[in-house]
Every structure is written in C-alpha cells, then in structure tokens.
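Notes follow once the structure below has been shown.
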Amino acid sequence: MLSIALGGAFSSNDQHVRARPPNGAVKQNIFDRLVHSDGNFRVVPGLVHSHEAISPTTREFRLRRDVTRHDGSPFTAADAAFTFERVAMESNPAWWGEQQPWNRAICRMIADQAGRIPVLLAGDVDASGAASTPDVERLRAFCRASGVRVPALGNICLRPDRRRDDRPGVTGPDGERLIATPDPARGRGTANRSLHSNPEFDAVLDRALSTLDVAEREALFRQAARIAMADHAIILLHRQVNMWASRSAVRVTPRNDERTMAMEMRPAAS
C-alpha cells in the first residue's frame, strides 16, 4: 500500500468542477482520461492509443480496445462521449497502463505544511506533495528520505491596474490613455484581471486556438507569451518550483502541473 500526504484540502471530487491543483491531485488518481499530460505538461495518450488531426477543425481519437472497468465491462466510444472513465483507488488489474506496484493508494489531506514532513519521517506516509525548500534541505540530513523538484507552470506576478479611467501618469507612447476592454461575447478576458489588450496578441492567440498541429500551436503560444511580457501585461516576481518529498523506498516522478500522482510513483529499486 502507498500513502501520500497532499498539500491542501480538495473542494470537489467532481472532475467537471473547480479546476484547482488540490482537486486535480485527487481526481486524476481516480478518473482516467482520453489523453493525459506528462510531467512536462506534454499531451500523451491515455484511454486512446493515438489521435490525429484529420482536418483543421477535427481531431480523431482511437480508443484502446483492451480497456475494462473493475467489473470487466468494456470501455466504449459511447462512454467517452458521455464522460471520462472512472476507476477506484483500489488498483485495477485490468487497467490498460503499466502494472501498478501498489494494491491500494490512500491520499491524506494534511494542509499544515509543518505537519507533512514529520509524518513522512515517522513513516505514516510514503510521499508528500507541496514540499518546501526548507523541507528538502532538512531531508538531506536523513538517509531514509529525499526530495525532488521541477520548474512549475505557475508564476508569481503583479498585475498592473488598468481598471480605472483616472490612472495618473499611465499613458501610451503618444500620450494616449491605455484603456483595455474585455470581450465577453467571445468568452475572452475572464481571467484577465488587469484588462491587458493588444490586437497583435489577440491575433496570435486566435491562430493558436484554431491550430491542431501540436508543434505549431506551442510555437504560437510562446509567441503570444513574448508579446504579453513585452507589454508588461504582468510583472513577474518569481518562478515557482514544485517540490515533493518521499521516503527512500519510494521514487516520485515530479510534474510541473503540481499534481501528485500515485500511478507515477514506484519503489525506489524499480
């Protein structure tokens, strides 16, 4: 059995509600997906063995034929159309993926950061997400525990205040007032709290969102990010690093999306 300490309480076990890291950390251990993201946030096959763009607006998914639930019933295209395949926290011997070394996985919510490492060192849990730099440094003194880290997707930043019309001294290069307006009709700008707006950025983003080629789409997203950073759409304070701690008997695969995945942990000897 594998026991893991997670760094925050989850608010919903419904995979369609609240896309927060604590929720995702639990849900992705329970619900299977058509495609997954690996530790570097690259799309990899899940319940589908392959997929490809067959037109500029259509992607074809080919389901694995050997996928079954715990009760032995097959996974079908109708199931994919309705929702994602769901599995329990008990190991599923019929799972299409790599054989799991654990027959059970238990996630314990230990929101107090100071409390996760002591239970790890005491052997009450085998691994812990949301470790901190002091945690990892502390673990170096113990031969029975260790830490791993990877650059995170998230950044800590400041957002310029563009919500008011009376911003003193804030003008464009020709003295024009910098006022941005979101576009709710297109569903854009819902998370753009600073109301940054740049037609060049929007044009590149439109191309990225309508491009099915993975490499081309990633290049366009990178181009859009460079435009936004040159505009000072956000002021970057620091880049986050995701950290995990584990006992020496368990090897953790770090992920830049912060998720702690039981199926990506292995006995250290394997």
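Laboratory data are not the source of any read-out in this text; all were calculated from the coordinates shown. It should be emphasised that the depicted structure is a prediction, and the values quoted were computed from it without experimental measurement. All Cβ positions, even for glycine, are placed from backbone atoms using ideal geometry, and neighbour counts span all protein chains on display.
Points worth noting:
- Summed side-chain charge close to GLN223 - residues other than GLN223 whose Cβ falls under 14 Å, Lys, Arg +1, Asp, Glu -1: -2
- In order along the range 113-121, the phi-based Karplus estimate (6.51 cos²θ - 1.76 cosθ + 1.60, θ = phi - 60°) of 3J(HN,Hα) comes to 4, 5, x, 6, 5, x, 5, 5, 5 Hz; Gly and Pro are listed as x.
- Surrounding net charge for GLY97, when Lys and Arg each add one and Asp and Glu each subtract one, Cβ distance under 11 Å: -3
- On the basis of the beta-carbon distance and an R0 of 45 Å, VAL148 and ALA53 show a calculated FRET efficiency of 0.80.
- Check: the range 52-134 dipole with +1 on Lys, Arg Cβ and -1 on Asp, Glu Cβ, in debye: 80 debye
- Scanning residues 5 or more positions from ALA145 or on other chains, those with amide H under 5 Å from its amide H are SER248, with H placed 1.01 Å from N in the peptide plane.
- For VAL48, the residues whose amide H sits under 5 Å from its own are ARG64, ignoring neighbours fewer than 5 places away on the same chain, with H placed 1.01 Å from N.
- Extension gain, ARG266 to SER210, is 16.3 nm, computed as 0.36 nm per intervening residue step minus the present C-alpha separation.
- Available extension along the chain between ASN92 and VAL35 is 18.7 nm, counting 0.36 nm per residue and deducting the alpha carbon span.
- Inter-centroid distance (Cα atoms) of the range 89-126 relative to the range 215-259, Å: 25 Å
- CYS157 long-range amide H proximity, modeled H, under 5 Å: LEU237
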